[in-house]
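Here the structure comes first, spelled out in structure tokens, and everything after it is commentary.
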Amino acid sequence: MSRVAPLFGPLLFRPLRRDRLRFALTVAGIAVGVATMAAILLANASVLASFSATVDVVAGKAGLTVLADGPGIPEETLERLSWLRARGVTVVPAVVATAAVQGGDGDVVEVLGIDPVTDPSVRDYRFNSRSDVEETTLGRLFAVFQRDSVLVPAPLAERLGLTEGSELGVFAGGAARRLRVAGILRLEGAARAAAGSVVFADIATAQELFAREGFLDRIDLVLPEGLNDADRAALEESVRDSLPPGVTVGRPERRTATVDRMVRSFRVNLTALGLIALLVGTYFVYSTLSISVLRRRTDIGTVRALGASSRSVFLVFLAEGAALGVLGSLLGLVLGAGMAKAALAAVGGTATDFYLTQAAPSLALEPRALLTAFLTGLVTSILSALAPALEAAHVDPASTFRHGSVEASRRRAVKPLAIAGALLLLLAALATRPGPVGGLPLFGFAAVFLVVAGVSLLAPLAVTTVARRADRLAVRLLGVEARIARANLTGSLSRTAVAVAALSMGISMMVAVAVMVGSFRATVVDWVSQTLKADLFVAPEGGRSQRALGRLPEEVVTLLERVPGVASVDPFLSFEATRDGAPFTVGSGRFALVAAHGDLPMADGSDTRTVLARALSRGEAVVSEPYAVKFGVRTGDLVTLPAVDGPVTLRVAGVYRDYSNDRGTVTIDRSLFRRLFRMDGAVSLALRLEPAVSPEEGRRRILAATEGRFALRVQTNASLRDAALALFDRTFAVTYALEAVAIAVAVLGVFSTLLALVLERRREIGLLRVLGASAVRVSRAVRYEAAALSALGIALGVFAGAAMGWILIHVVNKQSFGWTIRTDVPWAFLAGALPSSSSRPSRPPAAPPASPPQPTPPPS
Amino acid sequence: MGASVVVENVRKAWSATSEAGEGAVSEALAGVSFSLEPGDFVALLGPSGCGKSTLLNLLGALDRPTSGRILVDGHDLALLSDAGRDLYRRRTAATVFQFFNLLPTMTSLENVALPLLLDDVPPAEADERAAAALGEVGLPEKAGAFPWQLSGGQMQRVAVARALVVRPALLLADEPTGNLDSRSGARVLDLVSDLVAGRGVTIVLATHSNEAAARATRVLRLRDGLLEA
């Protein structure tokens, strides 16, 4: 290394100082790629970490946990488990639900309903000592035995301005309730659940709050000390045998695994997007370094002549790549953490919206996520520095550089590269054929990357072909400037082709995502207009959290049916279950109403009325498209549901389109649902009004009829549609932000390449001036070159983007989420976005000196 | 037809910076006067640094004298606008360099056609005339070759063709053989004296080769920025 050190000054640091702008752009390019990746990884890690922390905290010292795989755990289960006491096992029941805080900033809190007698044996509670009188924990826990009392962790109390004895207003199960704060907890033990956004109440209070009388959400089992694995497994088996249908037992951690599975598709999709952004970043390293090598060729020749080995020169340039990688990646981590934080806060965590009804997680700077993003940035930087570093190492100290000869060797590579590119595109086409691997569209992603790589390899051929074909016509139409531009394009092929490839990458990402999101949106708009046909939609009030939390009691259903002007009420009721460890939803509605209105489009286009009427008369189910795709279920197949009296098997009458839930739903008629699951009430209700009643009038009547007893959110058809689309757009806001940044970076990259090429060609520009070309014409030639680069980049990008969009829609989305999306190209958006992404160097090239070109040293 | 050139007491000074010390002034030309008749073939002789290149730059309107005047066909070059100077370089004064200075990214034909296209000659005609010029310098088969595929002598012949193709009135050649072996050098000089001089073009050939000077009809010797008597 000591032989390398003296080279850093002349070959690296000084030139970098001279080229601050390009240096900064390169670091920024890498930083954006790394930031994107880091943000995605961090946001995901945060969601999972917060969930798994809650799982751990809530599970406490439990060795086994009983959970519902159906509508809930019937309270009788406790009696079935009473034999456990004799075996030294403590049985701790709890109810878990989410409530919205009235007022505030849309806070939601987990409500943990506990049994104060047994709970301390599984979970820790520490009180904020208000006076010097130290009360026993148990004594204070009994405070929650009082009706409508809660214990609140200190930070939450502080945030909401609560003290002991004050009242906490919440919306729960469609009612506004006031809970008395019986005590303030230190942020220790169980109080750390949901990052401290949790309150503790007596089980009965929680059941009543959420209309869950007779049901539990979990039973934690604290096992006796000194149990070996075999004993434990045997005990688990015995517990399983004592459980009613729809209830399972296992280690507490298994919940985290389920959630991990839920967010996996989502995470993999975003990570793939981040990787593409990083590709754009690697282009920067390659471009900056290859231009550096070119500009420092004479210097390299000199140090080689002075005795530096080619290995040292290679190492210097590799070190430059690594240095840029380290700087860019570090900056990327900082940016990424910021982006992740913003994403978690602003979007509330897109994942949270869809997958977890839980308080928005706080940013966890998970070391593994940070390290992954950092190393990916560093390694890709070093890899993209390899080629330029090798080129530098091969500079012959004896001979002078002759630009053309180097480029000539590159030009010979055009055909092999193009053939490789074509092969990659072929592979991409093949990769769209296989199905998902472990539920993930891995081949689909491979196809997307193959398209990106294949089109990049075609870029040199595109440049030379278009240059050759267009030369004559362009010279006739645009004058000699076009020829100068063409000569420059092909003359610096190694860099212009890479610039074209990078721009096409950025453009293709934008086009692909625009096509995908545009198609998705058009499909959803369509679907929403087909399904949301009722006049009013009623859900439990969620305060400023804007979320529908919990279930409305049956009383609301009957009450609404009696409101004058209401023609029909279709209550939707559901719960979560699992099939082979994968979660899905069991839902219900009034099939007679759906059959009458036909507002549930079927995936195969068959008539909704016929399908639903048949399902109703035969007691069959309909399943959503994601369910059908995920579990490979078709019309006529059987599905099994965890009914209270044991599993029931139903025939599938049809598959319907559903874009509201990617877990998949099995829907049955409401009366069958109530009989099978002994559950009533509604999660939401769709109301049709009599023709004479306006939606606004209907809304007023409903609110008047329920005032004082229930807190309902009543939305008109129009406002719910708007809300649905707003949610859709919000979900993709992050995607668009990432896209915009990546494209901005790609455009900057092309700009920086052009700038560098102009600097590099100072001598040729001087020559043109000697031959009588005016400064205006020289700058026009550079603009033509920029335009040609942009046009080629856009053309290739649109081609690649269309292909990628198709893959995203028909392979990746279909396999990840089971959604069929109709291709719909957002022409207007693309037409507006594409011209603005073409690079136009705003500044004419550095005015060349009106003197003859400086001679290079004579060849020996 | 060749151009008449009048050089009147031309001085060119550079305010040198770091190299020669603060505020120092180095004088490349210290008052040079001569005049050329149309068709004159002048060899400009002198050692390196005597001011030959500076004088050629001034004659090519690439630079302006510090004082004095240069008249070409009666027009003072210093009074030309930028556009006028571009036009002068395109149509009147053509240059051949020691290091050929072909554009590496263009073929021979394109290099030769370039000045015509810059002068808005239609592309078809430009190609035709460029091909003819390549024929005249004996390289018709190298039309599609890139500079890096040519030898030094061939490159210089392409450069001569590029200078010829605009039918200039004044040819400025700056050490055109300085970078060539003697046989290639002689070939280029043949071209210059036969083709160019034969058309009555005024030629200024800066060189320190006596062989080159022998072809000229007149010799001017520069030393330390002054013409030797």
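The values are calculated or read from the model by the stated rules, or taken from the named source; none is laboratory data. Only a predicted model underlies this, so the values are computations on that prediction, with no experimental measurement involved. Cβ: placed from backbone, ideal geometry, glycine included. Neighbour counts: every protein chain shown.
Every residue, every condition in (1) surrounded by fewer than 16 Cβ atoms within 10 Å (Cβ to Cβ); (2) assigned by TED's automatic domain parsing to the domain that holds A:VAL47; (3) at pLDDT below 80, yes or no:
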| residue | (1), (2), (3) |
| --- | --- |
| A:LEU227 | no, no, no |
| A:ARG232 | yes, no, no |
| A:GLU237 | yes, no, no |
| A:ASP241 | yes, no, no |
| A:VAL247 | no, no, no |
| A:MET262 | no, yes, yes |
| A:VAL268 | no, yes, yes |
| A:THR271 | no, yes, yes |
| A:ILE276 | no, yes, yes |
| Given the conditions (1) crowded, with 16+ Cβ neighbours inside 10 Å; (2) under 21 Å from A:ALA682 (Cβ atoms); (3) of a type outside the set (Ser, Thr, Tyr), which single one is not true for A:PRO564? | (1)
| message | Looking at region A:691-729 only, could you name the residues that are closer than 17 Å to A:VAL525 by Cβ and among the acidic types (Asp, Glu)? | response | A:ASP722, A:ASP729
| field | Given (1) crowded, with 19+ Cβ neighbours inside 10 Å; (2) closer than 16 Å to A:ALA787 by Cα, number of the condition A:GLY479 does not satisfy | value | (1)
| said: For region B:155-176: of the residues being crowded, with 21+ Cβ neighbours inside 10 Å and either farther than 23 Å from B:ARG90 by Cα or of a type in the set (Lys, Arg) (or both), which is nearest to the other protein chains (Cβ to nearest Cβ)? | reply: B:ARG162
| remark: Every listed condition ((1) in the same structural domain as A:LEU67 (by TED's automatic domain parsing); (2) under 36 Å from the mean Cα position of the chain (by Cα); (3) modelled with pLDDT under 90) holds for A:ALA201 save (3)
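Kindly indicate whether A:SER312 is touching a residue at least 60 places away in the same chain (Cβ under 8 Å), farther than 22 Å from A:LEU375 by Cβ and of a type in the set (Gly, Ala, Ser). Don't jump to the end; show me each part of the working.
Values: touching a residue at least 60 places away in the same chain (Cβ under 8 Å): yes; farther than 22 Å from A:LEU375 by Cβ: yes; of a type in the set (Gly, Ala, Ser): yes.
Yes; evaluated as a whole, the condition is true for this residue.
Restricting to region A:701-721, count the residues that are surrounded by 13 or more Cβ atoms within 10 Å (Cβ to Cβ) and farther than 19 Å from A:VAL101 by Cα.
Of region A:701-721, the ones surrounded by 13 or more Cβ atoms within 10 Å (Cβ to Cβ) are A:701-703, A:705-706, A:709-717, A:719-721.
In the following step, the residues that additionally are farther than 19 Å from A:VAL101 by Cα were identified as A:701-703, A:705-706, A:715-717, A:719-721.
Residues in region A:701-721 being surrounded by 13 or more Cβ atoms within 10 Å (Cβ to Cβ) and farther than 19 Å from A:VAL101 by Cα: 11 in total.
Could you please let me know if A:ALA413 is surrounded by fewer than 17 Cβ atoms within 10 Å (Cβ to Cβ), within 24 Å of the chain's Cα centre (by Cα) and on the phi < 0 side of the Ramachandran plot? Outline the logic, then answer.
Working: surrounded by fewer than 17 Cβ atoms within 10 Å (Cβ to Cβ): yes; within 24 Å of the chain's Cα centre (by Cα): no; on the phi < 0 side of the Ramachandran plot: yes.
No, not satisfied.
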| request: Could you tell me whether any residue of region B:128-136 is facing chain A (nearest Cβ under 8 Å) and assigned to a helix (DSSP H, G or I)? | output: no
| message | Suppose we filter region A:663-681 for residues that are touching a Lys or Arg at 6+ places or on another chain (Cβ under 7 Å) and of a type in the set (A, V, I, L, M, F, W, C); how many remain? | response | 0
| Tally, over region B:53-88, of residues that are among the hydroxyl-bearing types (Ser, Thr, Tyr), part of a helix (DSSP H, G or I) and over 24 Å from B:GLY225 (Cβ atoms) | 1
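With respect to A:VAL313, determine if the residue is surrounded by 20 or more Cβ atoms within 10 Å (Cβ to Cβ), at pLDDT 75 or above and either over 30 Å from A:ALA744 (Cα atoms) or of a type outside the set (Asp, Glu) (or both). Let's see the steps before the verdict.
Working: surrounded by 20 or more Cβ atoms within 10 Å (Cβ to Cβ): yes; at pLDDT 75 or above: yes; either over 30 Å from A:ALA744 (Cα atoms) or of a type outside the set (Asp, Glu) (or both): yes.
Taking the combined requirement at face value, the residue satisfies it.
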| task | Kindly check whether there is at least one residue in region A:659-673 that is at pLDDT below 90, buried (at least 21 other Cβ atoms within 10 Å of the Cβ) and on the phi > 0 side of the Ramachandran plot. | result | yes
| request: Kindly indicate whether any position in region A:496-504 is touching a Gly at 6+ places or on another chain (Cβ under 9 Å) and within 14 Å of another protein chain (Cβ to nearest Cβ). | output: no
| task | Can you confirm whether region B:50-68 contains a residue that is farther than 30 Å from B:LEU220 by Cα and within 14 Å of another protein chain (Cβ to nearest Cβ)? | result | no
| From the residues in region B:69-87 that are surrounded by 21 or more Cβ atoms within 10 Å (Cβ to Cβ) and not charged (D, E, K, R), which one is farthest from the other protein chains (Cβ to nearest Cβ)? | B:VAL72
| note | Residue pairs within 7 Å by beta carbon, gap of at least six or interchain, first lying in region A:792-821 and in the same structural domain as A:SER660 (by TED's automatic domain parsing), second crowded, with 24+ Cβ neighbours inside 10 Å, listed first then second, are none
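Which ones in region B:89-121 are assigned to a loop (DSSP other than H, G, I, E, B), out of contact with any Lys or Arg (no Cβ under 6 Å at 6 or more places or on another chain), farther than 22 Å from B:GLU141 by Cβ and facing another protein chain (nearest Cβ under 8 Å)? Explain how you work it out, then say what you get.
If we filter region B:89-121 for residues that are assigned to a loop (DSSP other than H, G, I, E, B), which is where we start, we get B:92, B:97-107, B:119-121.
Of the ones still in play, those that are also out of contact with any Lys or Arg (no Cβ under 6 Å at 6 or more places or on another chain) are B:92, B:97-107, B:120-121.
Imposing the further condition that a residue be farther than 22 Å from B:GLU141 by Cβ reduces the set to B:92, B:97-99, B:101, B:120-121.
Matches in region B:89-121: B:PHE97, B:GLN98, B:PHE99, B:ASN101, B:ASP120.
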